[in-house]
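Asker: Pasting in a structure now, in structure tokens, and then I'll have a few things to ask.
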Amino acid sequence: MIVGQVVDGNSERIVVRKSSKAALELGSLIACDDEDGTTVYQVYNLMHGTQLSRQGMEFMAGMMSEGEGFKIFERNVRNYILAEAKPLIRSDNRIPKRLPELLSSVREVENGDFSFMQDNSLFLGYLRDGSRTIKRRVCLDGGEALTHHMLISATTGRGKSNLVKVMLWELLEKEYCGILVLDAHDEYYGRNGPGLKDKAAGRLSYYSIAPVRGSLSLVFNLSLIKPSHLESITEFSQAQQEAMYTVHSLYKERWLEWLLDFDESRLDREERQRGMTHGMRIETLLVLQRRLNLILDPRIFSREIGSSTLKDICGSLEDGRKVIVDTSEISSQQELLIGNMIAEEMLYKYRHYKMEGTLERRPVVAFIIEEAPRVLSQATGIFPTIAREGRKFRIGLIAITQMCSLIPKEILANMNTKVIMGTEMNSEREAVISSAPQDLSKDGRTIASLDRGEAIVSSIFSKFAVPVNVPLFEDLARNDESKKGGQRIKLIG
Ligand SMILES: Nc1ncnc2c1ncn2[C@@H]1O[C@H](COP(=O)(O)OP(=O)(O)OP(=O)(O)O)[C@@H](O)[C@H]1O
Ligand SMILES: [Mg+2]
């Protein structure tokens, strides 16, 4: 259907006079055909146009509000809506470089205009035309997108977690990537409702301190913790840091046990008098002991059991499986400590594989972190390291945040796929727009007006910022189940 005609434009935008029957909104996609193909444009601004003078318009408004009978001849010809639209993509997946003739007709887009969009390994949702869904899957090359890091950014409640569930649902069957989810809200597994467990069939491990059918117990042996894991979860004084490393070098994997059991009264008299043991101040050791006692919750960190947990989790990731760690019942510090342990071990292994020359044969590994700024804004630590150089070792991040302005610019620029969902705050929009792989400078209003589940995917692996509608996870899972049910019935019949 024709939606209007081009009445103005330059290389950055066209202005379309909308026909009265067409429905255009912020984000709508429109197409303009020429002899070589089609250019798709996206509406980013709507405004009024009229052939009447301001005075004439005010006079008529007065007539209407005062109830005087009158009729405007050719009302839709005289008053109309103008849509500003920016060139998005050519239907052969080239970047648009031409300007349509004045008065060229502009039409609604059709599924066929996007036949260049190939199905691929990382499903994000369906193509979106304003708020209308086009039945074309939007996918990225998962191996590339995951190792070049993804950012999912939106105001609360706009569907970030739902998107992650949708992504993981298909990924569960795929062996090219291992994914670790640190699930602070216990919302992915589906303990009491629909969730990823419904598809799992052995491809998903779920660790929790609150056991449920199919879960594994979230316990790590104390011997698995190294000073470096603790350093980036909280501030330690220089003396405390040095003490941790000294004790570690003296007692190796029993270092934490030694520190937790440290008892001044068991030292010999001379040491007590000097207030020092092994070159460390006793006072420092006691403060350190108190702090470690607070961090190392005995429900999660044990002296006796849990020696294989870290190995098992890393083994699953290396096998291309998905691992959910339910951190809803533990503190953010403990969650980070677990994340650090797993990430450091994985990076260590994958560095080794790279040296060995076998890295290319391994699945890529990605870590999903909620409230990403709390780990990515640190100067040191394993996650900023992964953001900077994980790509070389096939390890990536999926960082979820409501506050991307708190992530350092350099790291934000390293997140090469940005999924932008509804964002009301101007400062947050600016942070994400200014670091997006495509020019989104005109899309501020459109991003503010994105509804739940609506997204813009800007990626270095796509030539344009793709508008996406993310399906509701529950619908997707139900559809999949009913399809499976249908197949089963056919087989039996
Ligand atoms: N694509 C969608 N279609 C319809 N409803 C959706 C969609 N995505 C999310 N919702 C609904 O919106 C609500 C919030 O979604 P979700 O929990 O994914 O938001 P969020 O961005 O993760 O929020 P938070 O910042 O609080 O974690 C949920 O109740 C969900 O059912
Ligand atoms: Mg969420």
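Asker: Extension gain residue 261-residue 71, at 0.36 nm per residue separation less the Cα-Cα distance, in nm?
Answerer: Here the answer is 59.2 nm.
Asker: Expected output is a single nm value to one decimal: the length gained when fully extending between residue 23 and residue 434, i.e. 0.36 nm times separation in residues minus the C-alpha distance. What is it? Don't skip to the end; give the middle numbers.
Answerer: Working: separation 411, 0.36 × 411 = 147.96 nm, distance 3.03 nm.
Gain on extension, residue 23 to residue 434, equals 144.9 nm.
Asker: Also, quick follow-up: Which residues does a label at residue 424 reach in segment 151-188, if reach means a backbone N under 14 Å from a point 7 Å past the Cα toward the Cβ?
Answerer: The answer is 154-159, whose backbone nitrogens lie closer than 14 Å to the label point.
Asker: Turning to a different aspect of this structure: Based solely on its DSSP helices, what 222 nm [θ] is calculated for the chain when runs of n ≥ 4 H residues each add -39,500 (n - 2.57) and the sum is averaged over all residues, nearest 500 deg cm²/dmol?
Answerer: Working: 17 runs with 167 residues, N = 493.
Value at 222 nm, helices only: -10000 deg cm²/dmol.
Asker: So what's the Cα pair-distance distribution over segment 369-471, bin width 5 Å, in %?
Answerer: 2, 13, 23, 25, 19, 11, 5, 1
Asker: Tell me, what is the percent relative contact order of the chain, built from C-alpha pairs under 8 Å that lie six or more residues apart? The partial results should precede the final answer.
Answerer: Details: 920 pairs, mean separation 94.3, N = 493.
Taking the mean separation of contacting Cα pairs over the length of the chain, I get 19 percent.
Asker: Quick one: helix 238-251 against the long Cα principal axis of the chain, what's the angle to the nearest 10°, folded into 0 to 90?
Answerer: Once rounded, the angle reads 60 degrees.
Asker: Over segment 34-147, what is the mean sequence separation of C-alpha contacts under 8 Å (at least six apart), divided by residue count, expressed as relative contact order in percent?
Answerer: In percent, rounded to a whole number, it is 25.
Asker: According to the Kirkwood expression over distinct Cα-Cα pairs, how big is the hydrodynamic radius of the chain, in Å?
Answerer: Working: mean 1/r = 0.0386 Å⁻¹.
When all Cα pairs of the chain are included, the Kirkwood radius is 25.9 Å.
Asker: Continuing with this model, one more query. Over the residues of segment 226-295, compute the C-alpha Rg and express it relative to 2.2 N^0.38 Å.
Answerer: Normalised by 2.2 N^0.38 Å, the Cα Rg of segment 226-295 equals 1.05.
Asker: For segment 341-493, give me the percentage of DSSP beta bridges that are antiparallel, rounded to the nearest 5 percent.
Answerer: About 65 percent, rounded to the nearest 5.
Asker: Here's a follow-up. Applying 1/(1 + (r/R0)^6) with R0 = 25 Å to the Cβ-Cβ distance of residue 175 and residue 483, what FRET efficiency is obtained, to the nearest 0.05?
Answerer: Taking R0 as 25 Å, the efficiency between residue 175 and residue 483 is 0.70.
Asker: Apply 1/(1 + (r/R0)^6) to the Cβ-Cβ distance of residue 311 and residue 7, taking R0 = 60 Å, and write down the FRET efficiency to the nearest 0.05.
Answerer: 0.35
Asker: Which residues in segment 333-372 place their backbone N less than 15 Å from a point set 7 Å from the Cα of residue 185 along the Cα-to-Cβ direction?
Answerer: Under cut-off, by backbone N: 369-372.
Asker: Okay, next question. Extent of segment 98-197 along each principal axis, from alpha carbon coordinates, in Å, largest to smallest?
Answerer: 57, 30, 22
Asker: Round to a whole angstrom and tell me the spacing of the C-alpha centers of segment 418-484 and segment 182-253.
Answerer: Each part reduced to its Cα centre gives a spacing of 31 Å.
Asker: Another question about this same structure. Sort 294-304, 323-333 by packing, meaning the average of other beta carbons within 10 Å per residue, with the highest value first.
Answerer: Averaged packing, sorted descending, gives the order 323-333, 294-304.
Asker: Which of 165/463; 86/392; 174/409; 322/463 have a Cα-Cα distance over 28 Å?
Answerer: Among 165/463; 86/392; 174/409; 322/463, the Cα-Cα distance tops 28 Å for 86/392; 174/409; 322/463.
Asker: Which chymotrypsin sites (Phe, Trp or Tyr not before Pro) does segment 23-110 hold that lie in a coil by DSSP with at most 12 other beta carbons within 10 Å?
Answerer: Within segment 23-110, the qualifying chymotrypsin sites (Phe, Trp or Tyr not before Pro) (loop, at most 12 other Cβ atoms within 10 Å) are 70, 73.
Asker: Of the listed peptides 335-343, 95-103, 264-272, what is their order by residue-averaged count of other C-beta atoms within 10 Å, with the highest listed first?
Answerer: 335-343, 95-103, 264-272
Asker: Please list, in order, the residues from segment 277-314 whose amide nitrogen is less than 18 Å from a point placed 7 Å along the Cα→Cβ vector of residue 269.
Answerer: 277
Asker: Can you tell me which of 150-160, 3-13 comes out highest on packing, and rank the rest after it, using the mean Cβ neighbours within 10 Å?
Answerer: 150-160, 3-13
Asker: What ratio of Cα Rg to 2.2 N^0.38 Å holds for segment 14-60?
Answerer: Cα-based Rg divided by the globular estimate yields 1.54.
Asker: Given 0.36 nm per residue, what is the gain on full extension from residue 235 to residue 379 after removing their alpha carbon distance, in nm?
Answerer: 50.6 nm
Asker: Let me ask something else about it. Rounded to the nearest Å, what's the spacing between the alpha carbon centres of segment 335-370 and segment 63-97? Just the number, please.
Answerer: One Cα centre to the other: 54 Å.
Asker: Kindly provide the GluC sites (Glu not before Pro) of segment 35-82 that DSSP labels as loop, not H, G, I, E or B, and whose Cβ sees at most 14 other Cβ atoms within 10 Å.
Answerer: Passing sites in segment 35-82 are 35, 66, 68, 74.
Asker: Where does helix 309-318 land angle-wise versus the long Cα axis of the chain, in degrees 0 to 90, nearest 10?
Answerer: The angle comes out near 40 degrees.
The numbers here are math on the coordinates, done by the rules we state, and not lab data. Quick caveat: nothing in here was measured; it's all calculated off a predicted structure. Note that each Cβ is placed from the backbone with ideal geometry, even for glycine, and that neighbours are counted across all protein chains shown.
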